[in-house]
Amino acid sequence: GEGQLWGGRFAGGPADALAALSKSTHFDWRLAQYDIAGSKAHAKVLNQAGLLTDEDLATMLAGLDRLAADVVSGAFGPAESDEDVHAALERGLLERVGSEVGGRLRAGRSRNDQVATLFKAFLRDHGKAIAALVTDLAAILADRAEQHHGVVMPGRTHLQHAQPVLLSHHLMAHAWPLVRDLDRLREWDARVAADSPYGSGALAGSSLGLDPVFVAKELGFTNSSPNSLDGTAARDFVAEFAYITAQIGVDVSRLAEDVIIWATKEFGFVVLDDAYSTGSSIMPQKKNPDIAELARGKSGRLIGNLTGLLATLKAQPIAYNRDLQEDKEPVFDSVDTLEVLLPAVTGMMRTLVFNVDRLEELAPQGFSLATDVAEWLVRQRVPFRVAHELAGTCVQECEKRGIELWDLSDEDLAAISPALTPEVRTVLTVQGSVASRNARGGTAPTRVTEQLAELRTRLAV
Ligand code: ARG
């Protein structure tokens, strides 16, 4: 019947309940332009194989172009009777070029190889769009690091003061995971590009002498699927994409969590820009980090999309099963989520104001220079076990008297150990501490300058 691709052997149309369950146009319509591009490539191989005359090919391609334009303008859309995007577009083609020519297009292909290919093409485009947004965020982190180069802050482990670090070092610690996400997207894309399923048919491949490699190249792939069963049945490319988007969500959520803590009255490290924060409907004084909280919340949703998808895939026998229709919505959601979230987070980070005085004031507090005392002793050839113990005794003494490490007098130090000569004071400054961590990857300003250049290079790829 109308809008249906498989009526021949059936006595009547599908039950309303089946049609309602089966229908996917409300979400797969967004693959329409990809489906039309696939049809144009397929028409060309039919022509090459002698199954479509040159004249019919020209009619077909012109009809597909008109259909594409009508999809864009909204003049053509899915009808109530259309099962999915593929059925709707076949109807649209037949309406435009007639069934004598239009009816030849479906030879040698199946919705199974079609949908697997279109979905790959769609995700490849959005993977590139997401990569651009991730690059924007990482580049803003690099810019903010550069602007604040030299500013020290408390470095924390377990959220407790640990050792002072440069603010620029901390900001770039959030950029490097994003760089790895960009690598993941690129590697994923290369893997998907080499595996165009078009030509796999329903499961067994095509008997009509059609060249799958030609179709692959027409659609921007580098090669076609080596196995038609795998080509139509595998969805690890979707799961991997969902993983990468979930990982981006988690990486952004970790940054967001820092911002949320930093913006509290107790920390007071940052002030959010008015345009990137929200108020309260009842408490007039409130300024809330909603973007950061939504980032944290949406990472849960991205993880859910991945786990739901893996559950859908886990027990499916080869080859195509209709369960696979459930592969699209979760990843469409992941794409939409990131494409809205990332620009907001980038704006928030671009406009965040750092309270430099507060960061520098807190950097040496919490005895964060105790490790420097211990390491200074090691440089005086004191065994580290002893050095650690002596620095700990210094901390204990300071805590008892409510003073800081640099307040200990020469006599106080000598009483703890004769090894603690007054020269130890050279490491009892934050700048001295930070500058001493000067091996590759350390927080010394010279290394952080190198790191920034390395980061910029990676982002320019
Ligand atoms: N709409 C389906 C999907 O998204 C493709 C159709 C394949 N249907 C079928 N009965 N073989 O997976």
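The values are calculated or read from the model by the stated rules, or taken from the named source; none is laboratory data. Since this is a predicted model, take the numbers as computed values, not measurements. Quick reminder, even Gly has a Cβ in these numbers, built from the backbone with ideal geometry, and neighbours come from all protein chains shown.
Of the helices (runs of 4 or more DSSP H) contained entirely in the range 366-461, those carrying at least 1 residues that are under 30 Å from residue 186 (Cβ atoms) fall at 445-459. All conditions but one from (1) free of Cβ contacts under 8 Å to residues at least 40 places away in the same chain; (2) crowded, with 20+ Cβ neighbours inside 10 Å; (3) of a type in the set (Ser, Thr, Tyr) apply to residue 99; the one that does not is (2). When residue 74 is tested against (1) under 38 Å from the mean Cα position of the chain (by Cα); (2) loosely packed, with under 12 Cβ neighbours inside 10 Å; (3) within 17 Å of residue 111 (Cβ to Cβ), only condition (3) is not met. With the structure loaded, tell me whether residue 450 is free of Cβ contacts under 8 Å to residues at least 24 places away in the same chain and either within 26 Å of residue 152 (Cα to Cα) or among the small types (Gly, Ala, Ser) (or both) or whether it fails that test. Taking the combined requirement at face value, the residue satisfies it.
Would you check if residue 323 is over 26 Å from residue 250 (Cβ atoms), touching a helix residue (DSSP H, G or I) at 6+ places or on another chain (Cβ under 7 Å), within 16 Å of the ligand (Cβ to nearest atom) and acidic (Asp, Glu)? Taking the combined requirement at face value, the residue satisfies it. Exactly one residue among 123, 133 is in contact (Cβ under 8 Å) with a residue 24 or more places away in the chain and surrounded by fewer than 21 Cβ atoms within 10 Å (Cβ to Cβ), and that residue is 133. Residues in the range 51-105 that are more than 16 Å from the ligand (Cβ to nearest atom), of a type in the set (Gly, Ala, Ser) and in contact with a Gly (Cβ under 8 Å, 6 or more places away or on another chain): 2 in all. Is it fair to say residue 131 is over 21 Å from residue 5 (Cβ atoms) and either within 16 Å of the ligand (Cβ to nearest atom) or modelled with pLDDT of 95 or more (or both)? Yes, satisfied.
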